[in-house]
Amino acid sequence: MQAHAQAVSAKPVPDRADANQVDAPVDTAQAKRAYRLLKIGVVATLALSCAIPVSLNLVDPDLWGHVQYGQDWLEDGHLHRTATHTYTAVDHPWINHENAAELVFALGYEKLGIYPLVLLKCLLGLGILTTMALVARLHGVKMIAAWALLLLVAANLQAFFPLRPQLLSFLLFTIAMVCVDRGFAFWYDEGRSGSRMRLKWLLPLPMIFAVWVNSHGAFVAGLAIVGTLLAGRMIEAWLREGRDSLKTQITLAFVGLSCIAATFVNPYGLGMHEWLLNSLGEPRPEITEWAAPSMSDPVFWPFVTLALVVVSCLVGTKRTRDWPQIVVFALVGWQAASHLRHIAFFALLAGFWLPGHFQSAIARLRPTGNKKLAVVLPSRRVRSVMSILILGAMTLQSIALFGRLSNFQVSRDKYPVDAMQYMVDHGVQGRVVVNFNWAQYAIAALSPHSTVAFDGRFRTCYPQEVVDMHFDFIFGEQKTLRHRSKNSPTISENQFRILDHHSPDIVLLDRSYTNAADVLQQVASRPSPEWTMLYRDEIAEVWGRTVRFANPASEDFIPIAMRVENNTPLQGALDWPALPDYSKYKQVQAFRAQRDDASQLDQVSNRQKSDIGA
């Protein structure tokens, strides 16, 4: 008995921690439920983070034009085939590759208003990203991994998500990528009996391109991507099956050729393609989106980061590499490195094709071994802290998102809001020379009383000689590598021509274009200046034809006392579209009408007196 007691007393006593481990068995079901809720919270936070980039609320300078042209179509009941709202390209053919998008914008603005459109744009972006996540899920990718990658994708899309027709390109490209993904979902499945290609998913592609060609010019990029992918599949089928792949070859060729044929379903037929061949082959250094990315561009580092992630994942993945996809990645990456606007398509491709490789590459960073981590239920305090952090993050993100979606304004220090109002108030109307990034605002604000020399429609409706006149005036010798017509004079001569071409009445100038400002100063310093400054503020100048606006004998004469020079900083903004108030204009027109009537009565009275005297 004594020996037994000694043996019992000699048995080691577990410490407090060990005792807790023994006495507190883990509730596996409860722990898994806690982690499931945590994952849902993290995924929701990541998704909300992705919504912020696609809620970009910057006003695009072409938005006024897109809405206006759609409204013109609705009001006139027909599609305009020649240039409108311009005096330099009257009756010039207009190849508009954004007809459907502009119709959507016009109807959306008239039926819903601008802020619902901003909300729908954000929902569209979030819908595209959600589609990518769902496709990734079909490929066995966990939602946390998918949305973590999509956050980087969204950051790359941000700069390309203002209200513009290219949004329809992103939507249609997304639909096309889903069709392609499902059509070749079993392409590398060696154990699958029967065809590895699901034709029913590929047949909608031609219909997608029939819509796309009428919505936005980026259908060319989509056609190149889909065509390259189909060609790659044809090569793979031949290498794998040889002559036995003839049926697959014919089917894929039929789908590809049908996509090409579908792009001829547009109001211009072959004319659309002829214009594209001529236009896309010419450099456009004047347009920022066609320039190569530089370190000063907000999208530069997100793009570099995404490109490095793409390369790293394709190198580090354990999944089957899809070589046609890699070829497309390389081609689109090359284009993205050459032209800013193609970064969006590189990001979209990454959202669809990279999640599986991303998850696989990340998994390789885990410690090796077969031992699984134990399921541990976090304490109530830890769960509470994590819940508070997730809810706090989502609250802050929601506040930021609401701030973006409720603010779509035209800043007075970026757009000529005050200058436009001055022009309307004083009846300054007619043929207007205005820099292209303000021109479509001018069209919406001053039409139908005024027309412009040139606007953001660029070569779709303006001859190259007019394009040259405008940019020679704006930039002078600053951008000399651009394409110019052989019929245009030298830049030093041509920079003055737009002030005489078709006798413009007004110049509305962005003062940041120093060459144009210098040209006007040279003209104004001549002994008998043809142009007189009527208005000037921090960002804009309005010049009028001297014989019309500075001649006391003219009915449009503006006295010196009514001319404005105000260099104080402009502050504040107006809700888009920030169009001028025409109430004073109507008063001015009524006054002029009364003056004309009084003048006519005086003339009649004078004739009567002359007749009586005779």
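The values are calculated or read from the model by the stated rules, or taken from the named source; none is laboratory data. Everything quoted here is computed from the prediction, not taken from an experiment. Here Cβ is always computed from backbone atoms with ideal geometry, including for glycine, and neighbour counts include all displayed protein chains. Please note that ligands, DNA and RNA were not included when accessible areas were found on the heavy atoms of the full protein model with its side chains. Shrake-Rupley method; radii C 1.70, N 1.55, O 1.52, S 1.80 Å.
The single residue among Val304, Val332, Val327 that is touching a Gly at 6+ places or on another chain (Cβ under 8 Å), part of a helix (DSSP H, G or I) and within 26 Å of Asn156 (Cα to Cα) turns out to be Val327. Scanning region 256-267 for residues that are surrounded by fewer than 20 Cβ atoms within 10 Å (Cβ to Cβ), in contact (Cβ under 8 Å) with a residue 12 or more places away in the chain and under 18 Å from Met177 (Cα atoms) turns up Ser258, Ile260. Of the numbered criteria (1) open to solvent by 50 Å² or more (accessible area, probe 1.4 Å); (2) in contact with a Lys or Arg (Cβ under 6 Å, 6 or more places away or on another chain); (3) in a loop (DSSP other than H, G, I, E, B), the one Trp187 fails is (1). Inside region 533-559, residues that are open to solvent by 30 Å² or more (accessible area, probe 1.4 Å), within 26 Å of Arg412 (Cβ to Cβ) and assigned to a strand (DSSP E or B) make up a count of 2. Cβ-Cβ contacts under 8 Å between residues 6 or more apart (or on different chains), taken from a first residue in region 219-243 that is more than 30 Å from His97 (Cα to Cα) and touching a residue at least 24 places away in the same chain (Cβ under 8 Å) to a second residue that is assigned to a helix (DSSP H, G or I) and open to solvent by 50 Å² or more (accessible area, probe 1.4 Å), are listed as Glu236/Trp323. Selection within region 505-531: residues that are of a type in the set (Ser, Thr, Tyr) and touching a residue at least 24 places away in the same chain (Cβ under 8 Å). The member of this set that is most open to solvent (accessible area, probe 1.4 Å) is Ser512.
Considering only residues that are surrounded by 14 or more Cβ atoms within 10 Å (Cβ to Cβ) and modelled with pLDDT of 90 or more, look in region 277-297 and name the one that is nearest to His216 (Cα to Cα). Taking the candidates together, the pick is Pro293.
In this structure, is Pro355 within 31 Å of the chain's Cα centre (by Cα), open to solvent by less than 30 Å² (accessible area, probe 1.4 Å) and more than 26 Å from Thr174 (Cβ to Cβ)? Judged against the criteria, Pro355 is not a match. So, Arg380, is that one loosely packed, with under 12 Cβ neighbours inside 10 Å and charged (D, E, K, R) or not? For Arg380, the condition - loosely packed, with under 12 Cβ neighbours inside 10 Å and charged (D, E, K, R) - is met. On the given criteria, is Ile287 among the hydrophobic types (A, V, I, L, M, F, W, C) and closer than 30 Å to Arg484 by Cβ? Spelling it out, Ile287 is indeed among the hydrophobic types (A, V, I, L, M, F, W, C) and closer than 30 Å to Arg484 by Cβ.
Applying the condition of being of a type in the set (Gly, Ala, Ser) and at pLDDT 95 or above to region 410-446 and asking which residue is surrounded by the most Cβ atoms within 10 Å (Cβ to Cβ) yields Ala419.
If you go through region 230-247 and keep only what is within 15 Å of Leu199 (Cβ to Cβ) and open to solvent by less than 30 Å² (accessible area, probe 1.4 Å), you end up with Leu230, Arg233, Ala237, Ser245.
Can Met386 be described as modelled with pLDDT under 95 and not in a loop (DSSP other than H, G, I, E, B)? For Met386, the condition - modelled with pLDDT under 95 and not in a loop (DSSP other than H, G, I, E, B) - is met.
Kindly establish whether Gly271 is more than 18 Å from Glu98 (Cα to Cα), assigned to a helix (DSSP H, G or I) and either open to solvent by 20 Å² or more (accessible area, probe 1.4 Å) or in contact (Cβ under 8 Å) with a residue 40 or more places away in the chain (or both). For Gly271, the condition - more than 18 Å from Glu98 (Cα to Cα), assigned to a helix (DSSP H, G or I) and either open to solvent by 20 Å² or more (accessible area, probe 1.4 Å) or in contact (Cβ under 8 Å) with a residue 40 or more places away in the chain (or both) - is not met.
Within region 298-329, the only residue that satisfies the criterion of being of a type in the set (D, E, K, R) and open to solvent by less than 30 Å² (accessible area, probe 1.4 Å) is Asp322. A residue that is farther than 25 Å from Trp94 by Cβ and β-branched (Val, Ile, Thr) cannot be found anywhere in region 431-442.
Filtering region 140-152 for residues that are more than 30 Å from Asp297 (Cα to Cα), assigned to a helix (DSSP H, G or I) and touching a helix residue (DSSP H, G or I) at 6+ places or on another chain (Cβ under 9 Å) leaves a non-empty set. Residues that are in contact with a strand residue (DSSP E or B) (Cβ under 8 Å, 6 or more places away or on another chain) and either surrounded by fewer than 21 Cβ atoms within 10 Å (Cβ to Cβ) or under 27 Å from Trp576 (Cα atoms) (or both): does region 107-119 have at least one? Yes. Which of the residues that make up region 46-101 are assigned to a helix (DSSP H, G or I) and open to solvent by 40 Å² or more (accessible area, probe 1.4 Å)? Trp73, Leu74, Glu75, Asp76 - these are the residues of region 46-101 that are assigned to a helix (DSSP H, G or I) and open to solvent by 40 Å² or more (accessible area, probe 1.4 Å). In region 546-570, the residues that are over 12 Å from Arg536 (Cα atoms) reach residues that are among the hydroxyl-bearing types (Ser, Thr, Tyr) and open to solvent by 50 Å² or more (accessible area, probe 1.4 Å) with C-beta atoms within less than 9 angstrom, at least six apart or across chains, in these pairs: Thr546/Ser528.
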